[in-house]
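Student: My questions will all concern the structure given below.
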Amino acid sequence: MSRFDEYVFSAQPGFDEPVMREAFAKAVPLNTVVIYCYDPRVRDIPEAIARHFGEVYPGEVIRDQDGRSVGSTTTLATVSVAAGRAVDGLRSITVAEYLFGIRNIVVVHHSNCGATSFSKDGFVRNFNHEHSADISACYDHGSVAIVDYEQSLAYDTAMVRAHPGTPENVNIFGLFYNTDTGELTEVVRDLRTA
Ligand SMILES: [Zn+2]
């Protein structure tokens, strides 16, 4: 027993996993997952992506008669990670598909991102010097720094496509976001929807 068991679906008496999964699938009409940078300057990316693709974001939280949050009208799930690199969003893509089902995955990289301010070698070397820790084998080397946005978007969208946890029939997009103007430029469009 834990203090928070009452908030755990699977800890409830009579929990039925298939029934629960069906209920979850109806709780959010999810359509698209967007992966973007946690840089506070680009916090408007989800709204910009929602306008670009016709998605609903942030939508409204749906409550039942007891006031409990039971769903949302949003169609966009956001994954905010360093530089918006896809490697950090792969598990979230798989979970979004499993719980709600998705049709599109959008990777966004933005101008003057912090990840363009260092090289992967400098990153590893300096971290080692400052923290006495070797992180050289910790991260996918192609996902650490950004040296070319066309290359980083091609790399990340290909990584998402190749991942076994990505549903086969999703469309994958790679977009460049201008941090100063909010303008989006589509760089990669990989369509699969029948
Ligand atoms: Zn950034």
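Student: Suppose the filter is of a type outside the set (S, T, N, Q) and more than 16 Å from the ligand (Cβ to nearest atom); does ALA86 pass it?
Tutor: Judged against the criteria, ALA86 is not a match.
Student: Can you find a residue in the range 7-28 that is in contact with a Phe, Trp or Tyr (Cβ under 9 Å, 6 or more places away or on another chain), within 22 Å of THR166 (Cα to Cα), assigned to a strand (DSSP E or B) and modelled with pLDDT of 95 or more?
Tutor: no
Student: Cβ contacts < 8 Å: first residue closer than 29 Å to GLY101 by Cβ, restricted to the range 141-170; second residue surrounded by fewer than 12 Cβ atoms within 10 Å (Cβ to Cβ) and of a type in the set (A, V, I, L, M), any location; separation 6+ or different chain. Result?
Tutor: Correct list of pairs: ASN169/ALA194.
Student: Here's another thing I want to ask about it. Would you check if ARG68 is within 16 Å of the ligand (Cβ to nearest atom) and open to solvent by 80 Å² or more (accessible area, probe 1.4 Å)?
Tutor: no
Student: Please work out which residue is surrounded by the most Cβ atoms within 10 Å (Cβ to Cβ), limiting yourself to the range 97-138 and to residues that are under 18 Å from the mean Cα position of the chain (by Cα) and within 16 Å of the ligand (Cβ to nearest atom).
Tutor: VAL106
Student: So, HIS109, is that one touching a residue at least 12 places away in the same chain (Cβ under 8 Å) and more than 14 Å from PRO29 (Cβ to Cβ) or not?
Tutor: For HIS109, the condition - touching a residue at least 12 places away in the same chain (Cβ under 8 Å) and more than 14 Å from PRO29 (Cβ to Cβ) - is met.
Student: May I pose another question? If you take the residues of the range 1-31 that are basic (Lys, Arg) and exposed (fewer than 11 other Cβ atoms within 10 Å of the Cβ), which of them is nearest to GLY71 (Cα to Cα)?
Tutor: LYS26
Student: Could you grab the pairs with beta carbons closer than 8 Å, sequence gap of 6+ or different chains, first residue in the range 32-51 and open to solvent by 20 Å² or more (accessible area, probe 1.4 Å), second one within 12 Å of the ligand (Cβ to nearest atom) and in a helix (DSSP H, G or I)?
Tutor: From residues that are open to solvent by 20 Å² or more (accessible area, probe 1.4 Å), the pairs are TYR36/VAL42; TYR36/ILE45; TYR36/GLY84; TYR38/ALA82; ASP39/GLY114.
Student: Here is a further query. Go through (1) open to solvent by less than 60 Å² (accessible area, probe 1.4 Å); (2) closer than 23 Å to ARG161 by Cβ and name the single condition ASP88 misses.
Tutor: All conditions pass for ASP88, except number (1).
The values are calculated or read from the model by the stated rules, or taken from the named source; none is laboratory data. Since this is a predicted model, take the numbers as computed values, not measurements. Positions of Cβ are backbone-derived with ideal geometry, glycine not excepted, and every protein chain shown enters the neighbour counts. Ligands, DNA and RNA are stripped out before the accessible areas are found, and what is left, the full protein with its side chains, is counted by its heavy atoms. Shrake-Rupley method; radii C 1.70, N 1.55, O 1.52, S 1.80 Å.
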